[in-house]
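One structure is given below, encoded as structure tokens.
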2 protein chains.
Amino acid sequence: MKELSNLLGYRKSIKVVDATLRDGGLVNNFFFDDKFVQLLYQTNLRAGVDYMEIGYKGSKEMFDKKKFGKWKFCDDEDILAVIGENNTDMKLAVMADVGRCNYRQDIHDRKSSPLDVIRVATYANTMPAAIDMIEDAKKKGYEVTCNIMAISNVQEGDIKVALEMLGQSPVDVIYIVDSFGALYPEQIARIADLYMQFGAKYNKQIGIHAHNNQQLAFANTIEAVGDGVNWLDATYAGMGRGAGNCSMENLLGFLRNPKYNIFPVLQFIEKAMIPLQKSGIKWGYDLQYLMTGLLNQHPRTAIQFTNDGREDYVEFYKEIMAQD
Amino acid sequence: MKELSNLLGYRKSIKVVDATLRDGGLVNNFFFDDKFVQLLYQTNLRAGVDYMEIGYKGSKEMFDKKKFGKWKFCDDEDILAVIGENNTDMKLAVMADVGRCNYRQDIHDRKSSPLDVIRVATYANTMPAAIDMIEDAKKKGYEVTCNIMAISNVQEGDIKVALEMLGQSPVDVIYIVDSFGALYPEQIARIADLYMQFGAKYNKQIGIHAHNNQQLAFANTIEAVGDGVNWLDATYAGMGRGAGNCSMENLLGFLRNPKYNIFPVLQFIEKAMIPLQKSGIKWGYDLQYLMTGLLNQHPRTAIQFTNDGREDYVEFYKEIMAQD
């Protein structure tokens, strides 16, 4: 039987990261209006959220500013205008993708920025570029995390090499990322065990970012909690690419640290998330995402299926089964 | 770390039970049309489902036949007219509730009935009545299972007494039932361990019936699989009371026994379940069910909230928090 965590107690080392603007932004091209962002920020403060990820540092050479909302780029002046200086205990984070971010230029010294954390996202095979970004961000004074994406498609031997490289880097937190929503809790347990070994060896924290393709985003997150993983990504109403993420309301309902408070989360969902869904923005578990999850595929075909308003699920399944 | 089950192998002792008509019937008062039932039956055969639960043996003195569809009562002649003799390897089951079933009169000898299994549902405090029903059904030649409902509100000492009583009864399978969707996988692991001890002592199989209030119905079911639980309830598209059940499509996607086949499941969902949802029949995860799950309450208030078309989630939360 599993080594059980103490469900009635809590670990102070747990950190909750709200990724609504960042992963949710992938659903609406980051077109959140300022009032939504301000209310989300205030809600996170009231809910006891530890980190708020507000979007990407996307390359303006690569992405057309007219086609995306401001949280695709997270310019310091936009953050200051909408959120302000953020003189609170909650820290602000952005994601920076390998190959899609002019980090030397666009990420400024922490002293001159409202940001606190740079979250580097990489595939296992671009680890040297990720480490260059990690070192750059660390030199500029940031806390730095690294997401190794799509690990359900990576050989365990390669993951170990990546973890070894990250272990020797100045990164603070290494994330388990189930990009395709393909992993079961049992697999998360094994992967967490592996990551925790490297974390212990190199004094790194471990985090988890789950997707809900198989209705397991929350389950995989709390499995990881029980395994000792401390950094937990969640989004309001599970908003995120495709099937979405671990829901903040599920997670804060589970965590027992009295600093966390589910009530403002419920208020925000009623006031801001449900209207967003009613406006036609679509995310969340559905059959097409289960299918790509089961087949361990990127959900892009399922997202296209959703956006096209298709309902021929069986035909879609045949299409993605045939991808050789 | 948890003792891991072999994800690439399978246990032949696992049995999948389709509870769509029974638990799903609680959503639409059992008004399934005959073609739906016939197609579901054919689908279960193609999908490799082991048991099909077709409804309740409801007391006709207690329930008005005009207010419910035929699967509230499951008369032998109705089964024969719609499903037929069922000369297949899949077995047919009905549920019989303590206090809501004239079992001596309405459950006939197995030889003269198309039914194979009687599933007795009881609360812990009506165990003697349940055992009388179990003995009656066993004498009539049936396989018999017993659901101890709402165990998240029962003292562990009382559960042990109930398991001891069931152990000494002729019941074949004892079910873990998370009626309120209140339990986390870690708790399922502990409960499964307890039930498995009694199962080993008295040579009984253990089953699980989960609810999806916290998006954990599937996760709790596969947690139980990893713990050695063999009888697994699921419903198509998760159809069931309130937040619904473990989805058949999730479960068959997870199980590795080649006898199970997800493809007909996907076909049935597209052809029959999605039209049912579009017709206005509502079930599945939503905030109000999360709330009752978190508070370990019966979902009846949340079902009422849903049926009333209410959207004031925060007000609802305040209402159910105030129930002392």
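Bear in mind these aren't lab numbers, they're just calculated from the coordinates by the rules spelled out. Everything numeric in this text was worked out from a predicted model, so none of it was measured. Cβ: placed from backbone, ideal geometry, glycine included. Neighbour counts: every protein chain shown.
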| task | Using Cα centres only, tell me the gap between segment B:234-288 and segment A:135-166 in whole Å. | result | 37
| field | chymotrypsin sites (Phe, Trp or Tyr not before Pro) within segment A:222-324: DSSP coil, no more than 12 neighbouring Cβ in 10 Å | value | none
| remark: With the label set 7 Å along Cα→Cβ, B:ARG300 is separated from its counterparts in the other copies, in nm and shortest first, by 5.2
| note | Scaled by the rule-of-thumb 2.2 N^0.38 Å, the alpha carbon Rg for segment B:195-245 gives a ratio of 1.23
| Efficiency of FRET from Cβ geometry, A:LYS138 and A:GLU164, R₀ 25 Å, rounded to 0.05 | 0.90
| For segment B:9-92, what number results from the quotient of the Cα radius of gyration and 2.2 N^0.38 Å? | 1.15
| query | Taking R0 as 22 Å, what's the FRET efficiency between A:HIS298 and B:LEU26 from their Cβ-Cβ distance, rounded to 0.05? | reply | 0.05
| remark: Residues of segment A:285-304 with backbone N under 19 Å of the label point set 7 Å from the Cα of B:LYS278 along Cα→Cβ are A:286-289
| note | Cα convex hull volume per residue for the protein assembly as shown, in Å³, equals 151
| task | Could you work out how far apart the two model spin labels at A:ASP64 and A:GLN42 are, taking each label as a point 7 Å from the Cα in the direction of the beta carbon, and quote it in nm? | result | 3.6
| query | Taking the label point as lying 7 angstrom from Cα along the Cα-to-Cβ axis, what are the distances from B:ASN261 to the corresponding position in the remaining copies, in ascending order and in nanometres? | reply | 5.6
| task | Mind telling me which of A:ASP172, A:ASP227, A:ASP308 comes out most flexible in a GNM of chain A, alpha-carbon contacts under 10 Å? | result | A:ASP308
| query | Based solely on its DSSP helices, what 222 nm [θ] is calculated for chain B when runs of n ≥ 4 H residues each add -39,500 (n - 2.57) and the sum is averaged over all residues, nearest 500 deg cm²/dmol? | reply | -11500 deg cm²/dmol
| task | Any chance you could check the Cα centroid distance between segment A:110-124 and segment B:97-122 for me, in angstrom? | result | 63
| Sorted from shortest, what are the nm distances separating the label point of A:GLU156 from equivalent points in the other copies, each placed 7 Å from Cα along Cα to C-beta? | 3.3
| remark: TM-like helix rule applied to chain B (DSSP H, alpha carbon span at least 24 Å on the long axis, mean Kyte-Doolittle at least -0.5) gives B:185-202
| query | Pick from B:LEU287, B:LEU216, B:LEU92: which is most flexible by mean-square fluctuation in a GNM of chain B where alpha carbon atoms under 10 Å apart are linked? | reply | B:LEU287
| task | Enter the mean projected area of the convex hull around the alpha-carbon atoms of chain B, in nm², rounded to one decimal. | result | 16.4
| task | Arrange the following residues from fewest to most other Cβ atoms within 10 Å of their Cβ: B:ILE131, B:ILE274. | result | B:ILE274, B:ILE131
| query | Which whole number gives the average, over all residues in A:210-223, of C-beta atoms from other chains lying within 10 Å of the residue C-beta? | reply | 4
| remark: With the 8 Å Cα cutoff and a minimum separation of six or more residues, chain A has a relative contact order in percent of 18
| query | DSSP loop chymotrypsin sites (Phe, Trp or Tyr not before Pro) in segment B:26-71 with at most 15 other Cβ atoms within 10 Å of their Cβ, which ones? | reply | B:PHE31
| request: Could you check the simple spin-label distance between B:ASN6 and B:LYS271, using points 7 Å along Cα→Cβ, in nm with one decimal? | output: 3.6
| task | Mind jotting down the three principal axis lengths of segment A:55-193 based on Cα atoms? Whole angstrom, largest first. | result | 44, 31, 27
| Going by how many other beta carbons lie within 10 Å of each one, how would you line up A:VAL16, A:VAL265, fewest first? | A:VAL16, A:VAL265
